Amino acid sequence: MKIFFSAFLVLCLAGCASSPPAPKAPAPTASSPIFLVRDPVFLLCEAEGLVAHDAGRQALLFDQSQQDMLANAKGDASMTALINEIFRQAREEGLKEHAKFGAAQFYRCVEREGLTQVRNPNAALCLARTDLVFFLNADRTRGKTPEQANQGLKNYLQGTSQAVYPHALVDQLTPMVYRIQNEDDHYDLRQFVFQTCLVPEDWKAWWNSTQQGKVE
């Protein structure tokens with residue numbers, strides 16, 4: 001994660017109040033504080049929200065069929081239930097926004113796990129911003145230059161709210177995306193966007209704690 005963050009510590013702090021496994025957090029030592037962004041329960045709920053967000057994107061934004069998505073789930077019970085729920089809500093409740101679906105799954109986990117430290121109600125906004133990483137990375141893997149990916153995404157976002165997708169955030173994320181080397185890097189960067197948006201002060205405290213004692 002270090003390759004992304006040192007030059008971008010203030011990302012989102014001013015403006016924010018594939019199916020990955022739940023990441024493992026290192027066990028805290030007796031003398032170290034437990035930061036929310038490294039709490040295994042928070043990381044579990046974050047993962048559930050991101051998985052739901054990704055599945056919702058495929059169904060609601062890219063119009064992938066329920067049949068195709070179920071086939072790709074290959075019988076996984078939890079993913080099958082998630083996919084069926086997306087299409088049920090789209091059919092019966094008019095669900096249109098995948099970020100709202102992901103946020104609902106995130107907050108359902110937060111309530112289930114009793115994670116009372118999460119008070120920010122804007123998970124949908126924060127999940128929506130992780131789409132910037134997705135689109136930039138898609139262009140990176142297609143061989144586009146950072147400049148092409150950056151401008152292409154800004155063109156795609158024309159007509160959307162700058163409060164949700166600020167161009168400054170696209171500019172900050174572009175070089176970070178082009179440092180991605182593997183799926184872990186990709187997931188780390190999505191976590192970074194989500195966490196610095198949802199719980200910026202906790203993320204900053206955690207990051208500062210990792211820098212203590214380091215020589216500039």
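The values are calculated or read from the model by the stated rules, or taken from the named source; none is laboratory data. A quick note: this is a predicted structure, and the numbers were derived from the prediction, not measured. In this analysis, Cβ positions are derived from the backbone assuming ideal geometry, glycine residues included, and neighbour counts consider all displayed protein chains.
Here are the numbers for the structure shown:
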read-out	value
Residues within the stretch 130-139 that are within 14 Å of Phe106 (Cβ to Cβ) and touching a Pro at 6+ places or on another chain (Cβ under 9 Å), tallied	0
Residue within the stretch 182-190 that is within 22 Å of Leu44 (Cα to Cα) and in contact with a His (Cβ under 7 Å, 6 or more places away or on another chain) present	no
Which listed residue, of Gly75, Gly102, is over 28 Å from Cys197 (Cα atoms) and out of contact with any Lys or Arg (no Cβ under 7 Å at 6 or more places or on another chain)	Gly75
Subset tally (residues that are crowded, with 17+ Cβ neighbours inside 10 Å and either touching a Ser or Thr at 6+ places or on another chain (Cβ under 7 Å) or within 22 Å of Leu43 (Cβ to Cβ) (or both)) for the stretch 157-181	4
Residue within the stretch 114-122 that is part of a helix (DSSP H, G or I) and modelled with pLDDT of 95 or more present	no
Residue, nearest to Leu61 (Cα to Cα), within the stretch 153-181, restricted to residues that are in a helix (DSSP H, G or I) and not aliphatic (A, V, I, L, M)	Tyr156
Residue that is farthest from Gln58 (Cα to Cα) [pool: residues in the stretch 74-131 that are surrounded by 14 or more Cβ atoms within 10 Å (Cβ to Cβ) and of a type in the set (Val, Ile, Thr)]	Val118
Condition met for Asn150 (over 30 Å from Val110 (Cβ atoms), outside the structural domain of Gln58 (by TED's automatic domain parsing) and assigned to a helix (DSSP H, G or I))	yes
Criterion: under 19 Å from Gln191 (Cβ atoms) and part of a helix (DSSP H, G or I) - qualifying residue of Leu136, Leu82	Leu136
